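The block underneath contains the structure these notes are about, expressed in structure tokens.
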Amino acid sequence: MINPTKADKIISGILESPNESRTIEFKPSVSWPSDINGVQQNNKIQEIIKSILAMSNTRDGGKIILGVEKDSEEKKYLLKGMDENDLKTYDQDLIFEHVRNFGEPEPKFQVLNIKYGDKNFIVFAVQSFIFSPIICKNKRNLNQLENAAIYIRTDKPETKRIAEPSEMREIIDLAIEKELDLFSVRIQRFFRTISSVKVPKSTVTDENRFQEELKDVK
């Protein structure tokens, strides 16, 4: 996730020399539907959701930046910015409500409106999964999303469904690593708690105990 106070600087750095990678993806301006039925009819929005799921399954998460188009002839990215009418449709709560329908567990992300130069860009800052990989759930038969699929980002870069044993092994290893990290944190907290507990000192001295034992003998 991006610290809001540092978001402008981070995204500006990406846009200064725009290139896609495993953790960065660009998409052109598009309006966000007002309801879930609109998502069902919009392949471009489904592609964004698929990328959110894939970025969630990446070690460091990732960023999807809207308002950038690719010039296929010159093989470069054009910073067009968001269309003004499209920009007005990006309500974070509404987007959360839509996206949560397609990931199990729910993916974690921010929706940021970043200004670069005289243009605005929408940024989806996606957090890597915490406990287990995000699995796609698609009960609405959307064209671009496959139920029970695990989507990932590759070094090509591209967003794709896991299809190779090596890809499955990579995400399993990442999940195990995260679980071990979490276990380590819990152990450290446990020992910090134990060390902070103060054991009351006994008011009974060795001399007192000796006198009590003498009474028993008598």
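Details
- Verdict on N113 being assigned by TED's automatic domain parsing to the domain that holds S12 and either assigned to a strand (DSSP E or B) or on the phi > 0 side of the Ramachandran plot (or both): yes
- The range 4-26 - residue that is polar (S, T, N, Q) and within 15 Å of V126 (Cβ to Cβ) and, of those, surrounded by the most Cβ atoms within 10 Å (Cβ to Cβ): T23
- Of the criteria (1) free of Cβ contacts under 8 Å to residues at least 60 places away in the same chain; (2) surrounded by 15 or more Cβ atoms within 10 Å (Cβ to Cβ); (3) out of contact with any helix residue (DSSP H, G or I) (no Cβ under 6 Å at 6 or more places or on another chain), which one S56 fails: (1)
- Any chance D83 is at pLDDT 95 or above, more than 16 Å from L53 (Cα to Cα) and surrounded by fewer than 15 Cβ atoms within 10 Å (Cβ to Cβ): no
- Restricting the range 145-175 to residues that are closer than 20 Å to F109 by Cα and of a type in the set (S, T, N, Q), the residue that is surrounded by the fewest Cβ atoms within 10 Å (Cβ to Cβ): T154
This table checks each residue for (1) part of a strand (DSSP E or B); (2) free of Cβ contacts under 8 Å to residues at least 12 places away in the same chain.
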{"site": "S34", "(1), (2)": "no, no"}
{"site": "G38", "(1), (2)": "no, yes"}
{"site": "K44", "(1), (2)": "no, no"}
{"site": "L78", "(1), (2)": "yes, yes"}
{"site": "G81", "(1), (2)": "no, no"}
{"site": "L94", "(1), (2)": "no, no"}
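The values are calculated or read from the model by the stated rules, or taken from the named source; none is laboratory data. These numbers come from a predicted model, not from an experiment. Methodologically, a virtual Cβ is constructed for each residue, glycine included, from the backbone with ideal geometry; neighbour enumeration extends over all protein chains shown.
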